[in-house]
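Take a look at the structure below.
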Amino acid sequence: MSTAQVIEPAFAAFESNDVTIAAFCKALAPADAADREALPRVAAEAFAGAAPPASAIEALVSLVDRWGSFIARQGFVGTLFTRLGRWEDALVAHAAALRDTPRWHATSAYRVLDAIADDLLHLGQLEEAVRFAERALRFDPTNPYVLLTLGCAVAKTGDMARAVAIHAYLEACAYPDAWRHELTELVAGARRPVEPYSPDMHRVGALSDDDWARFLAVKDFNPFTVVEEVYRAHSIACLGRVRYDYAVLSSQLAPEWQGDRSPFDAKVVRAWSTARAAAIAALPEAAAQIADMRGAKAERFAASSLPRMTYLGLREKENDRASLLEMLCDPERSVMLSASKALLGLGFEGHLALLEAMATGEKAKKKTGSPWGGASAEKILAARKKKAAGAAAKAPKLHRGVALVEDVIARIRKEELLEQPPRALAPEVLASLKLPGDRPLSPALRAFLAFDAASLGLLADLDEPRLEPLTVAGAALRQWGRRVGDLFEGVLEDLPGYCFLLGPQDGNRCEVLYVGEPDAIGEYPVLTLDWDDGVPDACVSFPGIDVYLANRFEVRRFDPDARKADDRALDEHRRLNLGGRRALIETDAEDDP
């Protein structure tokens with residue numbers, strides 16, 4: 001089998017795989033208890049001396065094959081064959097590991113890609129070595145080990161200009177002479193004026209919410225990753241989240257966490273940290289975040305976690321949700337989980353998916369026989385669940401949803417409260433109507449439109465019914481005209497969802513159905529917009545269209561000031577949609593329109 005037949009299918013599998021938290025954690029330890037017990041002995045025998053017996057090597061390979069771990073294939077088998085100079089065997093092991101390596105874990109990805117590039121370099125497959133080194137650089141364009149591999153490969157292909165450029169960069173970054181001696185020898189006598197290699201940090205791909213959660217769930221768990229590597233991986237993950245400040249902080253902290261048993265040269269670690277932080281800070285779009293690191297938010301980026309925790313406590317006392325949300329990017333797990341817990345205490349739950357992913361990682365790690373110690377997402381979620389259960393047991397129930405709408409319809413029919421006969425929408429028409437984001441109608445809204453589609457004012461043309469979503473500013477523009485609409489232009493950050501005017505309405509106040517996040521029964525809140533004294537304002541008035549209708553048609557007066565159940569219903573929407581605030585918009589408008 002040719003080299004290409006080994007590595008290209010493996011790379012294609014790597015590009016398309018979906019490594020879950022559970023799959024990553026299964027790679028931490030063998031599932032079979034006998035294999036777990038035998039692993040230290042088998043590994044020690046295989047790595048004993050310069051020429052271990054074939055039986056020891058076969059035993060280790062067999063155990064890892066049963067285990068099926070990408071971590072072990074690279075960390076045990078690939079490393080063993082590399083030490084023995086068996087480059088073809090090392091390449092096969094590294095290619096097998098690549099298939100199951102997560103793209104969302106930068107350290108794992110660039111390590112195995114660089115190992116393959118190094119195997120190919122020793123096998124004389126220079127063009128392939130260049131290609132895999134370049135692929136590795138996508139995960140960290142400043143990685144000195146990958147650059148060293150790439151520099152040697154391009155030098156041996158005859159591309160001396162590129163080799164000299166890479167060498168010039170490594171030299172300028174103060175990487176030790178002895179460490180880069182092989183590349184130095186290859187470019188000796190070929191020096192010429194050339195622009196040094198410049199790392200393009202834009203090559204690092206964006207990290208989705210799901211992949212960010214997966215990374216945080218397992219970043220501390222890889223047994224072959226020393227602590228400074230955890231910080232370097234966190235730096236790249238933050239870069240993929242467009243958090244340049246935390247990317248710089250994580251990179252700067254890496255050398256501080258280098259242990260005595262680290263396989264990395266301390267001078268290389270320090271140079272790498274400095275070079276990566278400089279490359280990130282040089283990005284034009286990073287300027288504002290980097291400035292915050294030296295300004296009023298400097299304590300949030302302190303080298304020690306103690307001032308960062310103190311800063312966190314102050315932000316919690318100030319109900320500063322924005323700063324706490326940013327601290328979810330902190331490289332230290334205990335700080336990040338403390339910020340998560342503080343956010344829950346302030347009524348914000350938008351980060352639950354992140355906590356749940358981390359708890360999944362902790363549970364999965366328990367199954368490997370090595371439970372996670374320290375700060376625990378699982379404990380935070382358990383405490384939240386217990387608190388919610390206690391509150392639910394004490395809370396009086398609020399009549400809600402379709403049942404409440406049915407009461408409204410019964411009163412309308414009995415008292416003949418509508419000026420015009422009700423206009424019901426046919427089931428097929430109701431099925432075709434969608435809220436923004438292709439969401440279905442809420443249960444209460446569907447129930448009322450099946451009775452009457454005219455009195456709510458949501459549909460402009462009942463003969464050809466369709467929903468026309470507006471931004472909050474767009475609703476203000478339609479209701480009051482350009483001058484007032486302009487006042488609401490600044491609300492997008494707090495109210496990014498779409499809404500629908502509920503009419504007819506007049507005066508300086510209007511009510512809108514706001515499609516943010518649904519509550520526990522699938523309903524969306526009704527907001528009141530007003531511009532008294534020329535100051536735009538928005539607040540949650542009703543927890544759903546069901547309660548709005550009940551209040552409007554006097555089936556049940558909604559009074560959150562007088563009834564705790566009513567206030568609790570509002571409070572859920574303050575958390576889901578509006579960051580826990582009633583009044584969201586405050587401007588200093590000079591003139592009353």
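Where a number appears in this text, it was derived from the coordinates with a stated rule and is not lab data. These numbers come from a predicted model, not from an experiment. Reconstructed Cβ throughout: ideal geometry from the backbone, glycine too, with neighbour counts over all protein chains shown.
Over the chain, dividing the summed -39,500 (n - 2.57) contributions of all DSSP H runs of at least 4 residues by the number of residues returns a 222 nm mean residue ellipticity of -16500 deg cm²/dmol. The alpha carbon centroids of the stretch 2-27 and the stretch 82-154 are separated by 14 Å. How high is the FRET efficiency between residue 468 and residue 195 when r is their beta carbon distance and R₀ equals 60 Å, given to the nearest 0.05? The computed FRET efficiency comes out at 0.65. When the GluC sites (Glu not before Pro) in the stretch 415-482 are filtered for DSSP coil states and for at most 15 other beta-carbon atoms within 10 Å of their beta-carbon, the remaining sites are 416, 419. Quick check: from the Cα gyration tensor, does the chain come out rounded (a/c under 1.5), prolate or oblate? Taking the square roots of the gyration eigenvalues as a ≥ b ≥ c, the chain is prolate. Shape of the stretch 1-137 from its Cα gyration tensor (a ≥ b ≥ c, root eigenvalues): rounded if a/c is under 1.5, otherwise prolate when a/b > b/c, or oblate? Because a/c hits 1.5 or more and a/b fails to exceed b/c, the stretch 1-137 counts as oblate. Label-to-label distance for residue 438 and residue 334 is 4.6 nm, based on points extended 7 Å past Cα in the beta-carbon direction.
Taking other C-beta atoms within 10 Å as the exposure proxy, 399, 94, 105 rank 399, 105, 94 from fewest upward. In the structure shown, the pairs 317/341; 297/363; 317/387; 297/379 are assessed against 23 Å; a Cα-Cα span above that value is assigned to 297/363; 297/379. How far is helix 160-172 tilted off the main Cα axis of the chain, in degrees rounded to 10, range 0 to 90? Result, in degrees: 80.
Structural descriptor for the stretch 401-578: relative contact order 20 percent, calculated from alpha carbon pairs under 8 angstrom and at least 6 residues apart.
Determine, from the Cβ-Cβ distance of residue 8 and residue 31 and an R0 of 41 Å, the FRET efficiency 1/(1 + (r/R0)^6), rounded to the nearest 0.05. That pair, residue 8 with residue 31, gives E of 0.85. With each label modelled as a point 7 angstrom along the Cα→C-beta vector, the residue 122-residue 156 pair spans 1.1 nm. Looking at the stretch 397-498, the trypsin sites (Lys or Arg not before Pro) that sit in a DSSP loop and have at most 10 other Cβ atoms within 10 Å of their own Cβ are 397.
As a length-normalised measure over Cα pairs under 8 Å and 6 or more apart, the relative contact order of the stretch 1-137 settles at 25 percent.
Of the GluC sites (Glu not before Pro) found in the stretch 310-359, those that fall in a DSSP loop while having at most 12 other beta-carbon atoms within 10 Å are 318.
Note on the stretch 542-573 and the stretch 429-443: Cα centroid distance 23 Å, given to the nearest whole angstrom.
Taking the three principal axes of the alpha carbon atoms in the stretch 401-578, the coordinate ranges are 42, 41, 30 Å, sorted in descending order.
With a/c under 1.5 counting as rounded, go ahead and sort the stretch 143-198 into rounded, prolate or oblate using the C-alpha gyration tensor (a ≥ b ≥ c being the square roots of the eigenvalues; past the cut-off, prolate if a/b is larger than b/c, else oblate). Rounded shape, in that the Cα axes give a/c under 1.5. In the stretch 143-198, Cα pairs under 8 Å separated by at least six residues give a relative contact order of 42 percent.
Between residue 314 and residue 562, the FRET efficiency from the beta-carbon distance, with R0 = 30 Å, is close to 0.30. If the chain linking residue 15 and residue 494 were pulled fully straight, counting 0.36 nm for each residue of separation and taking away their Cα-Cα distance, it would gain 168.8 nm.
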